[in-house]
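For reference, the structure is listed below as structure tokens.
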Amino acid sequence: MNSVIQTANRIIIKVGSSLVTNDGRGLDHAAIARWAAQIAGLRALGKQVVLVSSGAIAEGMLRLGFERRPTDIHELQACAAVGQMGLAQIYESSFRAHNLGTAQVLLTHADLADRERYLNARSTLTTLLRMGVVPIINENDTVVTDEIKFGDNDTLGALVANLIEADALVILTDQHGLFSADPRKDPSATLITHGVAGDPALEAMAGGAGSSLGRGGMLTKILAARRAAKSGAHTIIAWGRDSDVLSRLAQGEAIGTELRAQTGQLTARKQWMADHLQTAGAVVLDAGAVQKLTREGKSLLPIGVTAVNGEFGRGAVITCIDAAGVPVARGLSNYTSGEARRIMRKPSTEIEALLGFVEGHELIHRDNMVLL
Ligand SMILES: Nc1ncnc2c1ncn2[C@@H]1O[C@H](COP(=O)(O)OP(=O)(O)O)[C@@H](O)[C@H]1O
Ligand SMILES: N[C@@H](CCC(=O)OP(=O)(O)O)C(=O)O
């Protein structure tokens, strides 16, 4: 089986903190120079590459003299701000050695949740790629709190893959790929060479971060593969310390773990809705409504809603959850949370009498909804 990278035109490459900072010892100039040289090689083959790089906090900790990862959020944010300077500097000089321009793009979850900012981010990234520049992306750690974080750069990499409809997501890490169990704990664990993104069996094998530097561990990489597959991107998880890892993949060599996308592609607007990690509110559905949405492809009518959580306006993206709290769908609400509370459990024929107007017979129309 050939690596999907050989045929991919647009590729997101994510590098983790331990690789970038040489296990927290400081920016690994030699490793970064090797990735830059290989990415220059990919560009020369006509491929467009976006780099998602972690390491700001780990590098900032070192520069500010922290021996252990601070627990105070503002100290972490200070580390990120200091470390990001180092990342920007080393990437700029490493790529310049290959006559490639770089651009720093710091994103927050709120940027991608807002439709206008989402479209702006997408246009800026595709413009940079068209201009031959390599965008270097990280989370804008200095302005985010835990509740509104992407949480880890594996997720960010998948969201960027969806944002610009990349063909592949390459996650470089400190292991050779996904193993049948965490190899740090189980030496007999074996490498999984390929699988289907979204297969729940993969999630069962993946554990948390093995070092104190990385955030997500293997599980966030597996979940990132599932998310990236929604826009058709295949994912490869490979060992970033292999000096030719990207060139070997580009030549078609199957290394690491390849997780192929097999899910149907969502339209761009539905993709945007699916990628909302947090929504302004949620509606609780009864069993009948869950059945209508998930099995019959129907819209959500107010009669199937038993509760409305949170405050939201018309046109907001909200989550539909079942009675047990499990998210089943996301979509654009035709009504505000206050209006939704007044019409829930009621037939649509009563909407006008209850509100004095009708915005639609549905609370969420099928065309504005994505199943999760
Ligand atoms: N099934 C598994 N296969 C491989 N690695 C695993 C698995 N389960 C947990 N891990 C751990 O995940 C770690 C990689 O995640 P992380 O430390 O977050 O890296 P990064 O900084 O590259 O994102 C590995 O070092 C390993 O200890
Ligand atoms: N934005 C953070 C990234 C945190 C993160 O996801 O780290 P990792 O698990 O090493 O990819 C930083 O630059 O330190």
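None of the figures in this text is laboratory data; all of them are computed from the coordinates on show. Please read all numbers here as calculations on a predicted model, not as lab measurements. Positions of Cβ are generated from backbone atoms using ideal geometry, with glycine treated the same way; all protein chains shown enter the neighbour counts.
Whole-Hz Karplus values for the stretch 77-84 come out as 5, 5, 4, 4, 5, 5, x, 4 Hz, taken residue by residue from phi with 6.51 cos²θ - 1.76 cosθ + 1.60 and θ = phi - 60°; glycine and proline positions read x. Full extension of the chain between Arg184 and Arg130 gives 15.3 nm of extra length, using 0.36 nm per residue less the Cα-Cα distance. Averaging 1/r over each pair of different alpha-carbon atoms in the chain and inverting the result gives 21.8 Å, the Kirkwood hydrodynamic radius.
Within the stretch 216-246, list the residues whose amide N lies under 18 Å from a label point set 7 Å along Cα→Cβ of Phe66. Counting only backbone N, you get 216-217. All other residues whose Cβ lies under 13 angstrom from that of Thr319 are scored, Lys and Arg at +1 and Asp and Glu at -1, for a net of -1. Ellipsoid fit via the Cα gyration tensor, the stretch 134-284: semi-axes of 25, 18, 16 Å, each the root of five times an eigenvalue, largest first. Computed per residue of the chain from DSSP H runs no shorter than four, each worth -39500 (n - 2.57), the mean residue ellipticity at 222 nm is -10500 deg cm²/dmol.
In terms of the Cα gyration tensor, with a ≥ b ≥ c the square roots of its eigenvalues, is the stretch 18-128 rounded because a/c is under 1.5, prolate because a/b exceeds b/c, or oblate? In terms of gyration-tensor shape, oblate. Across the stretch 216-372, C-alpha contacts under 8 Å between residues 6 or more apart give a mean separation that, scaled by the residue count, equals a relative contact order of 20 percent.
Placing a label point 7 Å from the Cα of Ala201 along the Cα-to-Cβ direction, the residues of the stretch 171-190 with a backbone N closer than 18 Å are 178-182, 189-190. The alpha carbon gyration tensor of the stretch 234-372 gives principal lengths a ≥ b ≥ c with a/c of 1.5 or higher and a/b greater than b/c, which makes the shape prolate. Tally Lys/Arg at +1 and Asp/Glu at -1 over every other residue whose Cβ is under 14 Å from the Cβ of Gly297; what's the total? So the surrounding residues net to +2. For the chain, relative contact order (Cα pairs under 8 Å, six or more residues apart, normalised by length) works out to 15 percent. Using the Cβ-Cβ distance between Ala287 and His98 with R0 set to 56 Å, the FRET efficiency from 1/(1 + (r/R0)^6) comes to roughly 0.45.
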